[in-house]
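One structure is given here, and the rest of the page talks about it.
The values are calculated or read from the model by the stated rules, or taken from the named source; none is laboratory data. Keep in mind the model is a prediction, meaning the values are calculated, not measured. Don't worry about glycine lacking a Cβ; one is built from the backbone with ideal geometry, like all the others, and counts go over all protein chains shown.
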Amino acid sequence: MVLQSSLPSIVIPQLNFAKNVFEKLESFGDKTALVEGSSGRSYSFSDFCSLSKKCAAALYKLGVRRGDVVAVCCSNKVEFLSVVLGAQSCGSIATTCNPSLTKDEITNQLAHSEPKVVFMEAINYAKIKDVAREVTSIKMMFTTDECDDCTTFYQLINEISVDDFPSNVESDLDDVILLLYSSGTSGLPKGIMHTNSTLNAMFHISRIALRFSPLDVTYLAQPLFNIYGLYMSLLVLQQGAKVVLEKRFDIKDCFQAIEKHQVTYLFTVPSIIVEIEKSTPSSSYDLTSLRSIFTGAAPLPVGVAASLLKKLNLALIQAWGMTEGVPLATTIDKSYPMKSVGTICPNTLLKVLDIETKKELSTGQNGELCVKGPQIMKGYFKNPAATAICMDSDGWLHTGDIGHYDSDGFVYIVDRAKELIKYKGYQIAPVELEDILLCHPKVAEAGVIGILDSESGEVPKAFVVRKDASLTESELQEYMKGKVVEYKQLKGGIVFVSSMPKNPSGKILRRALREM
């Protein structure tokens, strides 16, 4: 059975994506659009549009054209967004890179994407300069801040006028204009191609599923080099809301920003929700402006979430998506079951396939979730074999997520197909065990993997970051005995660690746990 959205399908305008974004942003004029939490810099919508259009004009003047690649490799700042929109306005491909990666990791990614231009922060100039010696496609480099040895973003646009904006650039709907790289949690990172068409669909569908008001103030510390941070920042701005942009999440900085800027909407990942719940807000911070917390990128620990909602009177919104396609399903109402990621978005279809037989399943049966819609990626860059594995000939994206839908159309994610633990004839979801562990008052973080066992196939093993140093393995094992059936016990043992390996979007790197 194929599940359709209960919401009516929408008409998606077939437009140049960047042009469409600028038209929306410019309509909000001198209203404040962006505030950088770390620097305090503030930009109106007009300021931001001017900066982005000048960037586009400068790149075009340098010879950046349709199909060229422009890379931005820096932390969260307004220039990041300006470079992305500026590059796309030239008909070129904007690609993003995590600046904290090693020189070799950045070399591998940029050798694959072959950028002509790279923007980075001055602190990373020497590293990128070394990368450029090996990646011969790189012809120009610019820093987003002051640098003695490199031309800066502001020097680049210094004598450029908004009137120089390349308004008549040739660009087809199927042209790739955004190239994002997967986190590599289950293998080497892959380049994910999005086009004018898929990005337009993504944002028009989102405005039905996720509504913001020009009166809203949002707080975002998710990295812009990932789909979550980049997508949410542009989605919010296109609806006229303000974005308080932070380089990284710090709970004290977050609470201070909520109080100072009267934040109404907080963007998080499950690991941050755990941190907020474990760290009861100090009475010195006024958090009464906060109305909603949005979470995505990884499964939500339901027990922790329920506890948080008791402490803070607000809405908790969970969404399901992936770099290959956003959004797929989302909660938009308090009445939604907390364990659910919500209902399928407009113009989107979903079906569930048996992991082994690939037979189509029905209501309440767990299998691999497959989706189809106009927001799904074009494919993996230079990797048709990987594209063919995850996208079938009928256009269905095989997500690798295991879950089901109920009779009301609510979608539930159990875990990743590759992460399920096979114990004899049973399948155990690590996320379920992590959720239970996180409800223990002495546990700060938890990650569960399956390890090989000669008798059972695999057994669960837990890695735990203690909140209280007195916590022992025997205490946790006894706790788990009262929470789960015998085959879900942590038969592989418990290891206490000082920190939990995660990717920038907050997902536990179970591959790193296995290496440990």
Practice prompt. Could you grab me the full set of residues in segment 474-508 that are among the aliphatic types (A, V, I, L, M) and out of contact with any helix residue (DSSP H, G or I) (no Cβ under 9 Å at 6 or more places or on another chain)?
Written response: VAL485
Response to the item:
The residue from GLU121, GLU114, GLU134 that alone is modelled with pLDDT of 95 or more and at positive phi is GLU114
Worksheet item: Among VAL64, VAL70, VAL83, which is the only one that is among the aliphatic types (A, V, I, L, M), assigned by TED's automatic domain parsing to the domain that holds MET141, touching a residue at least 40 places away in the same chain (Cβ under 8 Å) and within 21 Å of LEU235 (Cβ to Cβ)?
Response: VAL83
Fill in: Selection within segment 369-386 - at pLDDT 95 or above, under 23 Å from GLU356 (Cβ atoms) and either assigned to a loop (DSSP other than H, G, I, E, B) or not charged (D, E, K, R) (or both)
LEU369, CYS370, VAL371
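A quick yes/no check of all residues on (1) assigned by TED's automatic domain parsing to the domain that holds GLN318; (2) over 21 Å from SER5 (Cα atoms); (3) crowded, with 20+ Cβ neighbours inside 10 Å:
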| residue | (1), (2), (3) |
| --- | --- |
| MET391 | yes, no, yes |
| GLY395 | yes, no, no |
| HIS398 | yes, no, no |
| ASP401 | yes, no, yes |
| GLY409 | yes, no, no |
| GLN427 | no, yes, no |
Item to complete: Considering every residue within segment 40-47, establish whether at least one is in a strand (DSSP E or B) and either touching a Gly at 6+ places or on another chain (Cβ under 7 Å) or surrounded by 15 or more Cβ atoms within 10 Å (Cβ to Cβ) (or both).
Response: yes
Discussion item. One residue is enough: does segment 321-333 have a residue meeting the conditions without any contact (Cβ under 8 Å) to a residue 24 or more places away in the chain, surrounded by 18 or more Cβ atoms within 10 Å (Cβ to Cβ) and not in a helix (DSSP H, G or I)?
Written reply: yes
Worksheet item: Of the numbered conditions (1) surrounded by fewer than 22 Cβ atoms within 10 Å (Cβ to Cβ); (2) more than 14 Å from GLN88 (Cα to Cα); (3) modelled with pLDDT of 95 or more, ARG65 satisfies every one except a single condition; which is it?
Response: (2)
Discussion item. Yes or no: segment 411-421 includes at least one residue that is in contact with a His (Cβ under 8 Å, 6 or more places away or on another chain), free of Cβ contacts under 8 Å to residues at least 60 places away in the same chain and not in a helix (DSSP H, G or I).
Written reply: yes
Response to the item:
The lone condition GLU445 fails out of (1) free of Cβ contacts under 8 Å to residues at least 60 places away in the same chain; (2) of a type outside the set (Ser, Thr, Tyr); (3) in a strand (DSSP E or B); (4) buried (at least 19 other Cβ atoms within 10 Å of the Cβ) is (1)
Item to complete: Please verify whether segment 102-114 includes one or more residues that are of a type in the set (Val, Ile, Thr), out of contact with any Cys (no Cβ under 6 Å at 6 or more places or on another chain) and either assigned to a strand (DSSP E or B) or closer than 21 Å to LEU173 by Cα (or both).
Response: no
Fill in: GLU432, sole failed condition from (1) part of a helix (DSSP H, G or I); (2) touching a Phe, Trp or Tyr at 6+ places or on another chain (Cβ under 8 Å); (3) at pLDDT below 90
(2)
